[in-house]
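Chemist: Quick one: the structure is below, questions incoming.
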Amino acid sequence: MLPLRGGKPFRILSENLGDYRILICRGDKRPTGELYAFSLRQPIPSVPES
């Protein structure tokens, strides 16, 4: 899977989401997803396997 490198980000109705975001949409729970936000100085958050 290739990372998103261009285009417009998804519209998210929230503030203070940090510099980077990871959106995970699991196949059995689509279209609902999990959003993990973090800033440049924070480590990438751990993502549970399920």
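The values are calculated or read from the model by the stated rules, or taken from the named source; none is laboratory data. What you are looking at is a predicted structure, and each value in this text was computed from that prediction instead of being measured. So basically every Cβ, Gly included, is an ideal-geometry build from the backbone, and we count neighbours across all protein chains shown.
Chemist: Give just the number: which of (1) more than 12 Å from the chain's Cα centre (by Cα); (2) modelled with pLDDT of 75 or more does Leu35 not satisfy?
Modeler: (1)
Chemist: Where the second residue is of a type in the set (D, E, K, R) and the first is within 11 Å of Ser50 (Cα to Cα) and lies in the stretch 24-35, which pairs have Cβ atoms under 7 Å and are six or more apart or on separate chains?
Modeler: What qualifies is Ile24/Glu34.
Chemist: How many of the residues making up the stretch 27-44 are farther than 14 Å from Asn16 by Cα, surrounded by fewer than 11 Cβ atoms within 10 Å (Cβ to Cβ) and in contact with a strand residue (DSSP E or B) (Cβ under 8 Å, 6 or more places away or on another chain)?
Modeler: So the answer is 1.
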